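Written out below as structure tokens is the structure these notes cover.
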Amino acid sequence: MSTSISASQWGSPTASRRALLIHGLTMSSQSWEGVAQLLATEGFFVVAPNLLGHAWRRGTDYRVSTLAEDLRPYFVMDTSYDVIIGHSLGGAVTLSLLPLLSNTKETTVILLDPALELTKEIADKYENWFLKEIANLRTADDHMAENPAWSRGDSMLRALGISMCDDTVVKRIFEHNRPWSFRGLFKNISSQVNITVLASDPAFGAICHLEHVPCDVARLHAKVLIGIGHWIQYESLNIIMNEIPLRRAKL
């Protein structure tokens, strides 16, 4: 993995396939290490940007549309991607990027427990939770104790992401996105784009619920992952990889 001030990269820039990974609130580009390593092994060049307000990046406007617009440079010179994955807040950002996707190249979009619809009460609850996380930074050991399915590396990266995001960013993200409603972005999907929503188990703290996902949109599929919590990329890499078309050698 190589890291710049705004993004992390895995694999060879000359690889024939590309993947773009978009992290969630109080995370960072490095948090995709597990998924990115698997994709690089499968022959992808993987890029994971740091969203505005994260990894010490600063901004003044934290609307989801602005977070997405900030990523426009990753699409310059007709740059396209075979796979785009967005987690939580990054899921809403990914939906905002749909108009930038190629109309001629097939793209697989995977949304991991995306934050699509939050009532005011739920949004306030999550805002307070994130503020407490920032005010009381926990160690990797703390995260592992609370989340037995997480590896030490993932737990360290979770702690790192929180440490590089301050309370002002969290407050502004919730303030600038009221009401929190992004299911309307599932529209005008290119015929070359296939979207899969992987929702976590409601019993394990899911943010996305199936009723948040339109059922009348072509090339859009959704499923609930029973027994899997919000941090799908830390708990079940295989489920994610199974949704990605991979080139297999013919026997």
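The set of residues in the stretch 174-188 that are under 20 Å from Val83 (Cβ atoms) and open to solvent by less than 20 Å² (accessible area, probe 1.4 Å) contains only Phe186. Candidates Ala115, Ala68: the one that is within 19 Å of the chain's Cα centre (by Cα) and assigned to a loop (DSSP other than H, G, I, E, B) is Ala115. Restricted to the stretch 78-97, and to residues there that are within 18 Å of His23 (Cβ to Cβ) and in a helix (DSSP H, G or I), the residue that is farthest from the chain's Cα centre (by Cα) is Ser96.
Screening Phe130 on (1) among the aromatic types (Phe, Trp, Tyr); (2) farther than 27 Å from Lys187 by Cβ; (3) part of a loop (DSSP other than H, G, I, E, B) shows it passes everything except condition (3).
In the condition set (1) in a helix (DSSP H, G or I); (2) open to solvent by 50 Å² or more (accessible area, probe 1.4 Å); (3) at pLDDT below 95, Phe75 is compliant with all but (2).
Which of the residues belonging to the stretch 169-185 are assigned to a helix (DSSP H, G or I) and out of contact with any Lys or Arg (no Cβ under 7 Å at 6 or more places or on another chain)? Across the stretch 169-185, the qualifying residues are Val169, Val170, Lys171, Arg172, Ile173, Phe174, Glu175, Arg183, Gly184, Leu185. Checked against the criteria, Leu21 does not count as touching a Leu at 6+ places or on another chain (Cβ under 8 Å) and not aromatic (Phe, Trp, Tyr). Can we say Phe204 is free of Cβ contacts under 8 Å to residues at least 60 places away in the same chain and surrounded by 14 or more Cβ atoms within 10 Å (Cβ to Cβ)? Considered against the rule, which asks whether it is free of Cβ contacts under 8 Å to residues at least 60 places away in the same chain and surrounded by 14 or more Cβ atoms within 10 Å (Cβ to Cβ), Phe204 comes out as yes. Scan the stretch 138-154 and give yes if some residue there is closer than 30 Å to Ser190 by Cβ and assigned to a loop (DSSP other than H, G, I, E, B), otherwise no. Looking for residues that are closer than 30 Å to Ser190 by Cβ and assigned to a loop (DSSP other than H, G, I, E, B), one finds none in the stretch 138-154, hence no. For the stretch 198-239, taking the residues that are assigned to a helix (DSSP H, G or I) and in contact with a helix residue (DSSP H, G or I) (Cβ under 6 Å, 6 or more places away or on another chain), the one that is farthest from Val109 (Cα to Cα) is identified as Tyr234. You will find that of Ala19, Ala68, Ala7, the residue that is under 21 Å from Asp166 (Cβ atoms) and among the small types (Gly, Ala, Ser) is Ala7 and no other. When Ala36, Ala7, Ala68 are screened for being under 29 Å from Glu133 (Cα atoms), open to solvent by less than 20 Å² (accessible area, probe 1.4 Å) and touching a Pro at 6+ places or on another chain (Cβ under 6 Å), only Ala7 passes.
Look at the stretch 142-161: where a residue is among the hydroxyl-bearing types (Ser, Thr, Tyr) and a partner is open to solvent by 30 Å² or more (accessible area, probe 1.4 Å) and part of a helix (DSSP H, G or I), sitting 6+ places away or on another chain with Cβ atoms under 9 Å, you get Ser151/Met144; Ser155/Asp141; Ser155/Asp142; Ser155/Met144. Has the stretch 106-117 got any residue that is under 20 Å from His176 (Cα atoms) and of a type in the set (Asp, Glu)? The answer is yes; a qualifying residue exists.
The values are calculated or read from the model by the stated rules, or taken from the named source; none is laboratory data. Bear in mind the structure is a predicted one, so any value in this text is a computation, not a measurement. All Cβ positions, even for glycine, are placed from backbone atoms using ideal geometry, and neighbour counts span all protein chains on display. Ligands, DNA and RNA are stripped out before the accessible areas are found, and what is left, the full protein with its side chains, is counted by its heavy atoms. Shrake-Rupley method; radii C 1.70, N 1.55, O 1.52, S 1.80 Å.
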